[in-house]
Amino acid sequence: MTPTDRPDPAAIRSGYDRWSEVYDHDMNPLVALEEPVVREALGEVRGLAVLDLGCGTGRHALWLAAVGAQVTAVDFSEGMLSEARRKPGAAAVRFLAHDLHQPLPFEAAVFDRVVSGLVLEHLSDLGFVFGEAHRVLKPGGRAVASAMHPAMFLRGAFARFTDPATGEKVAPGSVPHTLGDFVMAAVRAGFSLEAIVERAPDADFAARYPRAERYVDWPMLVVLGLRA
């Protein structure tokens, strides 16, 4: 599958259900590049109500709970949620099955932070998602959204994995958004843009994550810091 303007949500869900079996173990360089940037961007979260949109196997949600946040985490892949719920510390997180193509099941202005890690690539309507994130944030609340850098599409890269059982390369479905698409969707939803962080792997990083070797000094990651 190649990137498309409107990937099939059912195919994305099915793909991530399959990916859940190996997601935490396949040495994904984008995940390794992203996590420290997102954690720094979120800042101090102890005692804050935080919503994780597209939580996957819980990598951000579990860290947030461990450092004292009150965490609600949503994902539409039952496979991913199953992996998240069985991890140490999962009892401290409220995990919910929810499709981000639908309105969030929360009242307005109830969260202090919203985080979304490597999800935007799979969403056609960025305005809707950013609008919902803005709606559930308290006034002055902050959102941090990470994504595979749009420059990666120029190299033919998009979210995919190898099914260990079949050897099949599986691409759940990606949308070729531009950096401008991300920024303008957030601004039109009512956010003010506080930061854009772009990251490329260096040689030392690629030595630890060999799949990044071909992308040394090429932008792999973008993280938006937003305020409601």
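The values are calculated or read from the model by the stated rules, or taken from the named source; none is laboratory data. The model shown is predicted, which means the values in this text are computed figures rather than measured ones. Note: ideal-geometry Cβ built from the backbone for every residue, glycine included; neighbour counts use all protein chains shown. Note: accessible area is taken over every heavy atom of the protein model, side chains too, but ligands, DNA and RNA are not part of it. Shrake-Rupley method; radii C 1.70, N 1.55, O 1.52, S 1.80 Å.
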Convert 37 °C to kelvin, take the viscosity as 0.692 mPa s, use the Kirkwood radius over C-alpha pairs of the range 27-118 as Rh, and evaluate the Stokes-Einstein diffusion coefficient in µm²/s, rounded to a whole number.
247
Pairwise label distance in nanometres, R39 with T166, each label 7 Å out on the Cα-Cβ vector
3.6
Tell me which of A143, L154, V183 sits at the most positive position along the dipole axis of the range 86-228, charges placed on C-beta atoms (Lys, Arg +1; Asp, Glu -1).
A143
Accessible surface ranking that places the most exposed of R211, R188, R142 first, with a 1.4 angstrom probe:
R188, R211, R142
How big is Rg to Rh over the chain, alpha-carbon atoms, Rh as the Kirkwood inverse-mean-distance radius?
0.93
Tell me the mean residue ellipticity at 222 nm calculated for the chain from its helices only (DSSP H runs of n ≥ 4, each -39500 (n - 2.57), averaged over every residue, nearest 500).
-8500 deg cm²/dmol
Please give the peptides 36-49, 115-128 ranked by average Cβ packing (other Cβ atoms within 10 Å per residue), highest first, as a rough proxy for protection.
115-128, 36-49
Inter-label distance for E78 and R227, nm, one decimal - labels placed 7 Å from Cα along Cα-to-Cβ:
4.3
Percent of Cα-Cα pairs per 10 Å bin, from 0 to the last occupied bin, for the range 58-175, please list those.
12, 38, 36, 13, 1
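Ignoring ligands, DNA and RNA, what percent of the accessible area of the chain is carbon or sulfur (1.4 Å)?
Numbers: 5380 of 10190 Å².
In the chain, the share of accessible area belonging to carbon and sulfur is 53 percent.
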With +1 at each Lys and Arg Cβ and -1 at each Asp and Glu Cβ, the charge dipole magnitude of the chain around its Cα centre, to the nearest 20 debye, comes out at 360
Please give the residues of the range 32-65, grouped as numeric ranges, whose backbone N is less than 14 Å from a label point set 7 Å along the Cα-to-Cβ vector of V110.
49-52
At 1.4 Å probe size, with every protein chain present, just tell me what the per residue accessible area of the chain comes to in Å².
45
GNM top mover of G190, G141, G167 - the chain, alpha-carbon springs below 10 Å
G167
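How long is the gain from D204 to V67 if the chain were fully straight, where each residue apart is worth 0.36 nm and the alpha carbon distance is subtracted?
Details: separation 137, 0.36 × 137 = 49.32 nm, distance 2.87 nm.
Answer, rounded to one decimal: 46.4 nm.
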